[in-house]
Every structure is written in C-alpha cells, then in structure tokens.
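See below for the structure under consideration.
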Amino acid sequence: MHRISASGRGATVIAGDALTDSERARRFGLLCLVGTSVGWGLNWPAMKVLLTQLPPLFARGSAGMVAALVFAAIAVARGDSLRVPRPLIRRLFALSMTNVFAWMGFSTLSMQWLSAGQAAMLVYTMPIWATLLAWPLSGQRPTARATLGLLLSMAGLWTLLGAGAIALGQGALIGVGLALAAALLFAFGTVALKPLAELAPIPNLAWQLGLGCLPMVLFGVVWERPQLAGVSGTGWALMAYMTVVPMGLCYLSWFAALRRVPATMASMATLLTPVIGVFAAAAVLGESLGARELGALVLTLSGVALVLRRAGSQPDA
C-alpha cells in the first residue's frame, strides 16, 4: 500500500519508485552472489590444470600477492586508510594465516593428490567444523538442527571417502588431510578470532591477502623452485584468471552482495561454489561424476545448509 500525501498521485509515485529501487538492489545483490559462486567454482578445475605447469604454493601465492596490491591501490583511490590500529595487528596476522595461508595454500596443495571435485567438497565443510568448535571455544552448544546437519555431512564424507571411493593410499591421505586442515583452520579463525569488522572491507582484504600469500610465494621460490620458462600460454591465462576473477572480481562482487542481501542468503549462496566446481571439473577434466559423487555432494551440502540456516552467516569461499 502506498502512502498518500497532499500531492496525492505524486507521493504514490515516489513511494513506488523507492520500492522499485529496493527490489532492484536485491536483484543486483543476487546476481553478484551467482557471479561470485560461478567464479570461485570454476577456479577449482582451473587450479587443477595450472598445477601441471606451476607448483601450488607459488601459483596461488603469486596470484594472491598481485590481487593484494590491486586491492591496496583501490583502497587508496577510494580514500580508505590502509593503517591498521596496533591492537588489531596480531588478530589481522592470525586471520591471514588461517583464512588465507591455510585456506588457500592447503586446499591448493591437496589437489596434488585429490581431484578438484573431491577437494572442493572437503574444504567446503568448514561451517560444520565452525559449529563444532563454537561449543568449546565460545560455549555455543549445537542445536538439534546443527547436529542433524553434522550427521548428514559426515554421511556425505563417508560416501566420498569410505568403501573404496578414494583409494586411501599415503598420497590420498595427505590430500584429504590437507583439505580438511584448510577447512578446520578457516573455521577456527572464524570462531576464535572473529572477522575484522573494525577495518574497511577492501583494506582488510588487501592486508589479509598480502600477509597470507607472501609466505606462500617465499616457500614456493625456496622449495618448489618454479620453472617459469616452461609455462605455456594456457598456463599464464589461467594465472590471469585466478588473479583477476576469483581473487579480484569475485571478492568485489561478494562485498557488493553483502550490502544488498541478508548475510544468511549470501552464506547459503556459497554452497553453489563446490557444486559448480564438481560439475565443471567433470566437464572440463573428465573427473568422475557418478552416483557416489552426486550422493556425497547432496549429503554434505544438505548438512552444511542446515548449519548455515542456524548460524545466520559464514565466511566466504
């Protein structure tokens, strides 16, 4: 119902325009969420291909460092301060280690032993671990809904990992361990350290990417010894994609979405990322996508969805 003022029809038009603007903002936010999930999802098979030409830590760390410098430049152009208050420095460094170094580094390393689809499904269990960690760390006892979500996710992981789904030799065990470590450490950082809401989003992202990716680059140069001369045009194109889209445009669209849609909706939308990753890896890389993989995907993501509905918000991908 429109509010009518002395000008009658004119007031109705103004109220109607305001409603239209709100709906337009919401639709744009949803579009941003879809774009973010697609960009992040396609990055899983892209990384898998890139790992045939560049070592994991150097590749992911280099892309992140370039993105960090670009975000820092954007922050300066917008007039955002890059200064970090002294009381926040330790928490910023710790979050950079859990949410960037461990999340990006370990998940990328895991794909040396796992398929892109398997790695994506494993690392996107982080809301489950966040729910479990919240009990001892902050006294938040899991609800019945969260417990059911945990059981569904565990069933999904067993479907993926158990009964010969993955030949759990030493290499596969390392990959599974790294993927789950990425999820657990991201969850720990979210629960124990809390997001840095005190910093503006873009400077915060610039610092976390820079601090988290710099060790990856250093480790990559010293131990992985990348051979840049052997990288093909396809390899450099994939590096450019990983830098510009998942670490650049997707984060910008994620922040744009958070300003326009509820956090719960945004969190639920991230469940599209592993789905897209699994199907894209099957289409592009020929990875297995049978009843077992689909069943594991449905069970795991159903469990995560239940947890996200309880939590209200979760970190990004």
Task: Matching residues, segment 41-60, being in a helix (DSSP H, G or I) and over 16 Å from the mean Cα position of the chain (by Cα) - done: K48, V49, L50, P56, L57, F58, A59
Task: Cβ-Cβ under 9 Å pairs, at least 6 apart or on other chains, segment 93-116 side closer than 16 Å to V49 by Cβ and in contact (Cβ under 8 Å) with a residue 12 or more places away in the chain, far side surrounded by fewer than 22 Cβ atoms within 10 Å (Cβ to Cβ) and hydroxyl-bearing (S, T, Y) - done: S115/S288
Task: Residue count for segment 259-283, restricted to those that are at pLDDT 80 or above and assigned to a helix (DSSP H, G or I) - done: 12
TODO: Look at A116 and say whether it is surrounded by fewer than 23 Cβ atoms within 10 Å (Cβ to Cβ) and not polar (S, T, N, Q).
DONE: no
Open item on the list: Just checking, does segment 105-118 include any residue being over 30 Å from L214 (Cα atoms) and among the hydrophobic types (A, V, I, L, M, F, W, C)?
Closed with: no
Open item on the list: I need the full set of residues from segment 234-264 which are more than 21 Å from G29 (Cβ to Cβ), open to solvent by 60 Å² or more (accessible area, probe 1.4 Å) and not hydrophobic (A, V, I, L, M, F, W, C), in order please.
Closed with: T234
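Check whether at least one residue in segment 162-179 is farther than 24 Å from F219 by Cβ and crowded, with 21+ Cβ neighbours inside 10 Å, and report yes or no.
Here is the first cut: in segment 162-179, the residues farther than 24 Å from F219 by Cβ are 162-169.
When the remaining residues are screened for being crowded, with 21+ Cβ neighbours inside 10 Å, the result is none.
Looking for residues that are farther than 24 Å from F219 by Cβ and crowded, with 21+ Cβ neighbours inside 10 Å, one finds none in segment 162-179, hence no.
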TODO: Scan segment 214-228 and give yes if some residue there is open to solvent by 30 Å² or more (accessible area, probe 1.4 Å) and closer than 29 Å to V34 by Cβ, otherwise no.
DONE: no
Open item on the list: What pairs come out if I take residues in segment 229-252 that are small (G, A, S) and pair them with residues that are assigned to a helix (DSSP H, G or I) whose C-beta lies under 7 Å away, six or more apart or interchain?
Closed with: G235/L50; G248/A67; G248/V70
- [ ] May I ask you to list the residues in segment 188-207 that are surrounded by fewer than 17 Cβ atoms within 10 Å (Cβ to Cβ) and within 17 Å of the chain's Cα centre (by Cα)?
- [x] K194, P195
- [ ] Return yes or no: is L33 out of contact with any Pro (no Cβ under 6 Å at 6 or more places or on another chain), among the hydrophobic types (A, V, I, L, M, F, W, C), at pLDDT 95 or above and open to solvent by less than 10 Å² (accessible area, probe 1.4 Å)?
- [x] no
Task: Subset of segment 131-157 [farther than 23 Å from K194 by Cβ and hydroxyl-bearing (S, T, Y)] - done: T147, S153
Open item on the list: For a quick check of your reading of the model, give me the residue pairs whose first member lies in segment 278-302 and is over 23 Å from L148 (Cβ atoms), whose second is of a type in the set (K, R), with beta-carbon atoms closer than 9 Å and at least 6 apart or on different chains.
Closed with: A281/K48; V284/K48; L285/K48; E287/K48
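The values are calculated or read from the model by the stated rules, or taken from the named source; none is laboratory data. Here the structure is a predicted model, which means the values were calculated and not measured. No Cβ is skipped: glycine too gets one built from the backbone with ideal geometry, and neighbour counts run over all protein chains shown. Ligands, DNA and RNA are stripped out before the accessible areas are found, and what is left, the full protein with its side chains, is counted by its heavy atoms. Shrake-Rupley method; radii C 1.70, N 1.55, O 1.52, S 1.80 Å.
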